[in-house]
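Take a look at the structure below.
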Amino acid sequence: MTLQTSGIHHITAFVGDAQRNADFYAGILGLRLVKKTINFDAPEVYHLYFGNEQGAPGTIITFFPWSTGRKGRIGGGQVGVTTYAVPVGSLDFWEQRLATYRIPVTEVSRISESYLSFADYDGLRIELVEREEGAPSTWSFAGVPVEHAIKGFGGAVLYSTDPLKTADTLGHTLGMERIAEGDGYIRYRSTGDIGNIIDLKATPVPQGAGGTGTVHHIAWRAIDDAEQLEWGILVQSHGYQPTPVQDRQYFNAIYFREEGGILFEIATDPPGFANDEEPDALGLKLMLPAWFEPHRAAIEENLSPFQIREIEVKQG
Amino acid sequence: MIHVFRKGTDETKPILVLFHGTGGNENDLLPLADLLSPESSVLGIRGNVLENGMPRFFRRLAEGVFDEPDLIFRTHEIKQFLDEAAAQYGFDATKLVAVGYSNGANIAGSLLFHYKDIFHASILLHPMVPLRNVEIPSLKGHAIFIGAGKNDPIIATAETQELETLLQGAGAEVTTHWGNQGHRLSAEEAEAARVWLQRA
């Protein structure tokens, strides 16, 4: 059996304050909040999803803002860097924009590409790269014009405690193509035109610790529930024992931890974020799964409100 | 706390304290106790936290990401319960052996991290590192059996190794059994724990 994931479905991380999280990803990066819901295991914690206009697979970053959470440590067994793709010719715009918001940026190069590298307010490592591939964004917010707007994930940099085994899983289990090696990284490509370039750090990274400012898991795309079933069987045949299918409202998910320590999820493209909201009203209302709806008043009271807003630039 | 106490037939045997995994209850691990030490007295405890209706010993925010203030609160709550149970049932609190699976192994680990000499020995089946950056009391003379799965979808190999290192650093004698059954509790692992307990 041969299956190939088309690439990243979403990436999920823990952060601190919800307003600062929204300010960074909407106010500075110009992404759209496509869903505001709660952590189903801890209803006093939001679950926020940011992506392109419709929150297409390959564009979605999700957060659990957890103000009392202990700070994590980025390391092995995690996604070390999340890469966003912007249109060719956009890096200058972004360099200036990040400077305007006093975000320290460094320019780095990896496997013949240039990246703007920076951290969000909680220490998550982000980078921007120019790519031809990927549909242009149609979402413009907070002064990011569509011609420079983030298209979605370019990919991710994986930190493994056992890169040989992680490489084997990327290539032989997920069906990605190994296309390059250099600067201490092994590059994989998947078939999608977004979220499709994965760089694996070739040397083992000492294990990190989960907590705020770290990525919790990375999800790979499955076309539908039927393919997800095949993925489950395939993953098992490679010696992993994936979890049963879990209903995440906007996709279905199975999880397994690859041998380099990174928590992998395989998530279905459907049903998507317009499942329970109109496409032009995504993210405006707090959405709760049916079993929490009777407790809406109490849940809303426990959540500190935040706004999607433009951030004032401090002068001087 | 909701619990079950079953008096054993041989008072010289260790007293097993059972901590179930997520979604289990106080009776879940009784068959395991029968296998490990059939003559022992057994105290099965049900976790006080509910996650979507499933009992747990403490809250988490996601797989492997614990609500640490709740974990610490629940750890002290269980210590208090163990003291009360010792008085109520008249068992020898110096002969307790923790038997925990998954979430239950993590609360047992947290008890070890907080209280010196709380258990005489511990069987931790598919545990994680309960807390980081805390000072662990001396575990000198304490024997610990860890059951781990090479393909455990929940727990990274490196995390099991980190826990081993932390426990050994505190002076414990750690025996780790690596199985191939993922996060499941296998018959082979239970048998290894039984053989280990006879020598502990």
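Screening segment A:286-316 for residues that are among the aromatic types (Phe, Trp, Tyr) and closer than 17 Å to residue A:249 by Cα and picking the one that is modelled with the lowest pLDDT gives A:291. Checking each residue in segment A:64-83 for being away from chain B (no Cβ under 11 Å) and either in a loop (DSSP other than H, G, I, E, B) or under 22 Å from residue A:250 (Cα atoms) (or both) picks out A:67, A:74, A:82. In segment B:56-72, of all residues being more than 16 Å from the chain's Cα centre (by Cα) and not acidic (Asp, Glu), the one that is farthest from the other protein chains (Cβ to nearest Cβ) corresponds to B:66. Please find, within segment A:236-258, the residue that is farthest from the other protein chains (Cβ to nearest Cβ) out of those that are crowded, with 24+ Cβ neighbours inside 10 Å and more than 26 Å from residue A:287 (Cα to Cα). That would be A:258. One residue is enough: does segment B:63-80 have a residue meeting the conditions in contact with a His (Cβ under 8 Å, 6 or more places away or on another chain), farther than 21 Å from residue A:71 by Cβ, surrounded by fewer than 18 Cβ atoms within 10 Å (Cβ to Cβ) and touching a residue at least 24 places away in the same chain (Cβ under 8 Å)? Yes. Condition (residue is among the charged types (D, E, K, R), under 18 Å from residue A:51 (Cα atoms) and in a loop (DSSP other than H, G, I, E, B)) applied to segment A:183-206: is it met by at least one residue? Yes: one or more hits.
Kindly check whether there is at least one residue in segment B:73-92 that is at pLDDT 95 or above, among the aliphatic types (A, V, I, L, M), farther than 30 Å from residue A:265 by Cα and within 15 Å of the chain's Cα centre (by Cα). Scanning segment B:73-92, I find at least one residue that is at pLDDT 95 or above, among the aliphatic types (A, V, I, L, M), farther than 30 Å from residue A:265 by Cα and within 15 Å of the chain's Cα centre (by Cα), so the answer is yes. Within segment B:111-138, residues that are under 20 Å from residue B:176 (Cα atoms) have Cβ atoms under 7 Å from residues that are surrounded by fewer than 16 Cβ atoms within 10 Å (Cβ to Cβ) in these pairs: B:111/B:79; B:113/B:134; B:120/B:94; B:138/B:116; B:138/B:171, counting only partners at least 6 apart in sequence or on another chain.
Within segment A:290-309, the set of residues being assigned to a loop (DSSP other than H, G, I, E, B) and either more than 26 Å from the chain's Cα centre (by Cα) or loosely packed, with under 14 Cβ neighbours inside 10 Å (or both) comprises A:304, A:305, A:307, A:309. Of all residues in segment B:147-170 being more than 9 Å from every other protein chain (Cβ to nearest Cβ) and in contact with a His (Cβ under 7 Å, 6 or more places away or on another chain), which is nearest to residue A:161 (Cα to Cα)? The selected residue is B:148. For residue A:170, the conditions (1) in contact with a Phe, Trp or Tyr (Cβ under 7 Å, 6 or more places away or on another chain); (2) away from chain B (no Cβ under 11 Å); (3) assigned to a strand (DSSP E or B) all hold with the exception of (3).
The values are calculated or read from the model by the stated rules, or taken from the named source; none is laboratory data. These figures come from a predicted structure and were not determined experimentally. Because the Cβ atoms are built from the backbone with ideal geometry, glycine has one as well, and the counts that use them run over all protein chains shown.
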